[in-house]
Amino acid sequence: MKSVKPEVVSETEKKIILLIAKEVPNKEIASILNYSQRMVEYKISCIFRKLNVKTRVGIVTRAFQTGIICPKMMNFAETRNTNL
């Protein structure tokens with residue numbers, strides 16, 4: 001497994017990872033973050049490359065393994081109603 005440092009991903013990418021972990025579809029992620037759906041798809045492809053994974057499940061797994069996201073962040077996102 002390729003080593004990944006949490007600072008490798010941007011704050012926007014962290015938000016996208018949290019939303020992916022909550023099973024939010026790309027279209028809704030785009031709406032929440034005020035991006036086009038194409039921009040979200042591009043950001044996710046960057047996340048795949050940075051984390052060296054091929055699936056959305058892989059993104060979430062690697063993000064937890066490397067400390068990019070943690071369970072506390074998931075609870076925070078839920079209480080803020082996805083307004084990260």
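The values are calculated or read from the model by the stated rules, or taken from the named source; none is laboratory data. For clarity, every value in this text was computed on a predicted model and none was experimentally measured. Neighbour counts run over all protein chains shown; Cβ positions are idealised from the backbone, glycine included.
Looking across segment 23-65, the residues that are loosely packed, with under 14 Cβ neighbours inside 10 Å and either in a loop (DSSP other than H, G, I, E, B) or aliphatic (A, V, I, L, M) (or both) come down to Glu23, Pro25, Asn34, Ser36, Asn52, Lys54, Thr55, Val57. Going through (1) at pLDDT 95 or above; (2) β-branched (Val, Ile, Thr); (3) surrounded by fewer than 17 Cβ atoms within 10 Å (Cβ to Cβ) one by one, Thr79 falls short only on (1).
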